[in-house]
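Got a structure for you, questions after.
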Amino acid sequence: MAPEIPTDVDRRGYLAALAGTGAASLAGCSLLERGEDDATTAVEGERARELAERFAPTLYFDAGEKWFPTDPRRYETDREGSPVVDGFDALDGYSERYSEPESPPDPTLFYHVVEYDDSPLSVVQFWQYSAFDQFTTNFHWHDWEVLHVFVDTDSGAPQLHVASSHARAVPNNEFLDPDPDRTPALLVELGSHSNALSVNEQRQRFRRLPLDGLLADITNGSIDGIEALAELPIAYGLPRDEGGRLPFAFPELDGAPIHEDDRLPSVDRGDLLDESFVVRSFRALASPPSALPERETGLRFEHGGREAPEADVEYDLVSTDELEHLTGFTGPQLRFEFTIPGFVEDAVAGHLTTTSVPWESPRYDNPAADISDPNHRAELAGRYDAIGEPAPASTIVASVTEATASDDAPTDEGVTTERSGVESVALLESDPEGVPTFGGGIAVLQGVPDGEHRLTINGAGLAPHSEAVSVPADEAVTPAGVEGEIPLVANEEAVKLEIDPRDADSELSALAIEDDFAGRLYDVPLSEPDAVYVHGGGAYTAEVRDVDDEVGATRVNPGDEGAIRLDDPRTGKASLATFLADIAEETAASIGAEVTDGDTDDTDGDTDDTDDDTDDTDDGSSDGPRGSGRDSGGTDGLEGSENAVRGLRRALIAIAEAARRAAERAESGDREGADTALESVSTRLERAAERLAEARGALPPERARATERRLEGGRRRSEQAADAGKL
């Protein structure tokens with residue numbers, strides 16, 4: 001059973017809580033200031049070998065894995081006098097030699113040991129090389145992953161395990177104060193080879209949270225006083241072992257499947273991940289895939305010098321000294337495509353992946369650069385002067401959810417958001433590496449420079465999302481979306497909403513999209529044409545704001561439309577009054593559909609064409625003042641539930657007429673007349689609320705809820721219209 005993950009409401013609260021905490025509240029992978037750590041010296045010879053053999057990890061691979069840790073030296077070639085490993089040579093050679101399913105070629109881990117100067121703190125690194133990487137966010141030649149074991153050489157006790165997880169922006173899996181008598185164990189992610197830790201008795205499964213006496217496999221992310229963070233520690237984990245569905249991309253080169261390339265004669269389709277894991281195109285799927293295989297443990301690797309009768313494969317342990325003569329790991333850059341919503345047409349942007357040489361990276365000489373949890377770094381800093389205190393690192397966080405039709409709303413009149421059924425991919429325009437979500441849709445992008453950025457989210461079977469995100473210089477955490485939530489929509493339900501601010505009657509600065517039931521779903525700066533995908537079953541308000549802080553609103557009901565364009569967005573009284581008229585007429589029509597045939601009298605008692613907006617008889621009443629004992633179902637002499645519903649309908653029509661007058665007067669420049677009409681709108685909204693209370697028992701519950709929510713929204717827009725300085 002997968003560990004329990006917080007609900008969507010919990011996650012939104014959790015993300016909001018993060019935004020209010022300090023820099024020490026969130027992990028920051030490899031982003032703490034390097035100058036704070038002391039220098040290191042390489043440990044060589046027998047001493048290094050002894051440490052490596054003591055902590056050599058057990059590795060559990062996925063049953064579907066194709067590329068196991070191997071020795072790249074077998075594929076070494078000379079290029080213009082420099083020794084390199086070519087991607088074609090490595091992938092083709094490895095595939096040619098991998099003929100027996102349980103006998104991967106040259107199983108090898110490479111170790112590197114350093115000690116911090118004038119300190120008992122040493123670190124044993126275990127580097128794992130794979131010939132290829134095929135994952136949901138990318139695919140690339142060569143893949144290096146690393147496990148860091150921080151150990152106190154005075155006591156011999158391990159202090160911290162840090163297991164690498166994808167891009168540098170993704171928080172690593174870490175465990176503070178592991179059991180000194182237990183061999184480190186890694187759960188290797190299918191295709192990507194990201195390392196998850198396994199520290200408890202259940203060695204072949206990953207646990208983010210403690211359960212039934214078992215320790216959690218990570219100690220990342222605890223924040224005092226914030227309960228939601230304890231429910232979801234900030235670490236990548238192992239999504240497919242936590243109930244997450246993770247679709248894998250299919251690698252192509254020059255527009256063709258990579259295994260068809262002439263330079264890879266030994267590679268065929270069977271040398272890549274099985275078709276059951278793979279999604280050929282995110283956009284081609286109508287909805288998120290639901291039949292992706294769950295994780296299943298395959299081969300178990302153990303160091304050949306250790307007695308481990310249950311091992312499937314014994315690996316060699318070799319010093320990285322034997323590799324450091326290599327100057328590069330080469331191959332043509334492989335392009336992974338991202339779809340970015342755009343005005344008129346979506347853009348397709350590729351990001352490129354490259355592989356650097358491990359011994360040229362900062363973490364090779366200073367493993368503390370890879371500590372992603374500031375609490376872990378702070379703890380080590382308290383124990384060892386060689387480790388610097390945590391430093392702030394800007395992080396963007398978001399909960400990626402899925403918008404679906406709401407059961408509380410009438411058909412096609414409201415949506416809700418729920419935990420995404422598939423993990424997605426986040427990409428910053430300023431960063432070439434995609435970042436996978438984890439924990440049921442949590443996106444964490446660390447080390448983001450302050451300033452303006454564009455965040456794009458893609459998910460299999462889901463319409464893409466893109467928005468501008470401003471990262472303040474003095475904030476450690478920036479929630480993206482609305483209060484940290486970004487809802488995506490299944491392709492089959494998606495409707496593109498486009499807006500062009502260049503056609504507006506003022507300089508627009510912001511756009512927000514609200515659904516009657518889900519509330520605000522999209523809220524971003526707006527200065528140029530933009531587009532967002534919404535669920536076709538929602539009922540929306542598109543709100544625009546200009547540089548003078550004036551507000552405008554437009555009613556949007558997608559229905560069967562494939563795309564909707566807001567060509568003439570406006571702000572001010574006229575825009576808001578028109579919106580009020582539109583939503584009142586829409587609601588009156590829906591209420592009218594509930595009235596028995598033959599009882600659809602449209603009279604509202606406000607049939608005169610004068611500009612007298614002081615009349616309170618908003619529903620055709622001819623009765624006396626309030627409290628005079630008029631019939632509870634209305635004032636047209638009829639009794640019963642149908643009478644109450646008709647009274648509500650007439651009240652809504654009266655709102656629409658008053659709002660139309662307000663819009664006309666605002667457009668003609670008559671501020672006083674517009675405000676007088678808006679006062680009448682406000683009064684009639686209150687009367688409509690009373691009529692709804694009377695009619696609620698005669699309406700379907702979902703219709704009553706929809707009407708109530710629209711009246712609540714109408715009151716808010718009515719107040720905005722009254723306060724508007726712009727006509």
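Just so you know, all these numbers are worked out from the coordinates, no wet-lab data involved. Here the structure is a predicted model, which is why all the values come from computation and not from measurement. Please note: Cβ atoms are built from the backbone with ideal geometry, for glycine as well, and neighbour counts cover all protein chains shown.
Answer with one residue from Val415, Ala460, Thr395: the one whose Cα lies farthest towards the positive end of the charge dipole of region 395-571, charges on Cβ with Lys, Arg +1 and Asp, Glu -1.
Most positive-ward Cα: Ala460.
Treat each spin label as a single point 7 Å out from the Cα along the C-beta direction, and report the Leu211 to Glu307 distance in nm.
Each label point is offset 7 Å from its Cα along the Cβ direction, giving 3.5 nm.
Here's another thing I want to ask about it. In whole Hz, with x marking every Gly and Pro, tabulate ³J(HN,Hα) for region 208-218 from phi via Karplus 6.51 cos²θ - 1.76 cosθ + 1.60, θ = phi - 60°.
6, 10, x, 7, 6, x, 8, 5, 5, 8, 9
Compute, for the chain, the length of the dipole vector about the Cα centre, with Cβ point charges of +1 (Lys, Arg) and -1 (Asp, Glu) only. Units Debye, rounded to 20. Kindly include the intermediate steps, with their values, before the conclusion.
Details: 61 positive and 153 negative charges, 158 e Å.
Taking the Cα centre of the chain as origin, the dipole is about 760 debye.
Moving on to the next point. Running Debye on region 130-283 with equal point scatterers at the Cα sites and no solvent, what base-10 log of I(q)/I(0) appears at q = 0.20 Å⁻¹?
Ignoring solvent entirely, the Cα scatterers give -1.25.
Which value, to two decimals, describes the C-alpha radius of gyration of region 80-198 once divided by 2.2 N^0.38 Å?
Compared with the compact-globule rule of thumb, region 80-198 sits at 1.24.
A further question on this structure: Given R₀ = 56 Å, what would the calculated FRET efficiency be for Asp118 paired with Ser266, taking r from the Cβ atoms and rounding to 0.05?
On the way: r = 51 Å, r/R0 = 0.92.
Once the sixth-power term is evaluated, E becomes 0.65.
Now, a different point. If each residue of separation counts as 0.36 nm, what is the full-extension length gain between Glu314 and Ser668 once their alpha-carbon separation is subtracted?
119.0 nm
Multiply the residue gap between Ala291 and Ala157 by 0.36 nm, knock off their C-alpha separation, and tell me the result in nm, one decimal place.
So the chain would gain 43.8 nm between Ala291 and Ala157.
Another question, if that's okay. What does the charge add up to near Glu65, with Lys and Arg as +1, Asp and Glu as -1, over the other residues with Cβ less than 11 Å from its Cβ?
Residues close to Glu65 contribute a combined charge of -2.
Kindly identify region 395-571 as rounded, prolate or oblate by the Cα gyration tensor criterion: order the square roots of the eigenvalues as a ≥ b ≥ c, call it rounded if a/c is under 1.5, otherwise compare a/b with b/c, prolate if a/b is larger, else oblate.
Since a/c reaches 1.5 but b/c is at least a/b, the shape of region 395-571 is classed as oblate.
Run the reach check for Lys496 against aspartates and glutamates, Cα to Cα strictly under 13 Å, same-chain hits fewer than 8 apart removed. What comes back?
Result set, ordered by chain and number: Glu345, Asp346, Asp530, Asp560, Glu561.
Follow-up. Under 5 Å between amide hydrogens, which residues at least 5 positions from Phe517 or on another chain qualify, with H placed 1.01 Å from N in the peptide plane?
Val415, Ala539
Let me ask another. Whole-Hz Karplus ³J(HN,Hα) for region 683-690, in order, using 6.51 cos²θ - 1.76 cosθ + 1.60 and θ = phi - 60°, x for Gly and Pro?
My calculation for region 683-690 gives 4, 6, 4, 5, 5, 5, 5, 5 Hz in order.
If you take the beta carbon distance between Glu324 and Ser276 as r and set R0 to 35 Å, what does 1/(1 + (r/R0)^6) give as a FRET efficiency, to the nearest 0.05?
Working: r = 40 Å, r/R0 = 1.13.
Efficiency at R0 = 35 Å is approximately 0.30.
Given region 225-299, what whole percent of its Cα pairs are spread farther than 21 Å?
Result for the distance tail: 49 percent.
Taking the DSSP beta bridges in the chain as the whole, what percent of them are antiparallel, to the nearest 5?
80 percent
Another question, then. Whole-Hz Karplus ³J(HN,Hα) for region 716-727, in order, using 6.51 cos²θ - 1.76 cosθ + 1.60 and θ = phi - 60°, x for Gly and Pro?
Result, ordered by residue: 5, 5, 5, 5, 4, 5, 5, 7, 5, x, 8, 6 Hz.
With a cut-off of 8 Å between alpha carbons and a minimum separation of six or more residues, what is the relative contact order of region 395-571 in percent?
Answer for region 395-571 is 23 percent.
What are the residues whose amide H is under 5 Å from the amide H of Ala391, where those residues sit 5 or more places off or on another chain and H is modelled from the backbone?
Glu33
Now a separate question. According to a simple spin-label model (label point 7 Å from Cα along Cα-to-Cβ), what is the distance in nm between Arg74 and Glu360?
The two pseudo-label positions are separated by 2.6 nm.
Please order Leu652, Leu197, Leu380, Leu211 by the number of other Cβ within 10 Å, starting at the fewest.
The fewest-first ordering by Cβ neighbours comes to Leu211, Leu380, Leu197, Leu652.
For Asp503 and Glu528 in one chain, what is 0.36 nm times their gap in residues minus the Cα-Cα distance, to one decimal in nm?
Contour length minus the Cα-Cα distance gives 8.0 nm.
Moving on. Can you list residues whose amide H is under 5 Å from Ala185's amide H, if they're 5+ apart or on another chain and H is modeled 1.01 Å from N?
Thr58, Ser198
Another question about this same structure. Restricting things to Cα coordinates, could you compute the convex hull volume per residue of region 384-474 in Å³? Could you put the intermediate results ahead of the total?
Numbers: hull volume 14.1 nm³, N = 91.
It comes to 155 Å³ per residue, whole-number rounded.
Another question, then. As a test, work out the antiparallel percent of DSSP beta bridges whose residues both lie in region 395-571, rounded to the nearest 5.
Just about 85 percent of them are antiparallel.
Another question, then. Using Cα-Cα distances under 8 Å and only pairs 6 or more residues apart, what relative contact order does the chain have, in percent?
Rounded, it is 13 percent for the chain.
Under 23 Å from the Cα of Lys573, which lysines turn up, not counting those fewer than eight places away in the same chain?
Counting by Cα, and skipping residues close in sequence, Lys573 has these lysines nearby: Lys726.
With N set to the residue count of the chain, report its C-alpha Rg divided by 2.2 N^0.38 Å to two decimal places.
Cα-based Rg divided by the globular estimate yields 1.15.
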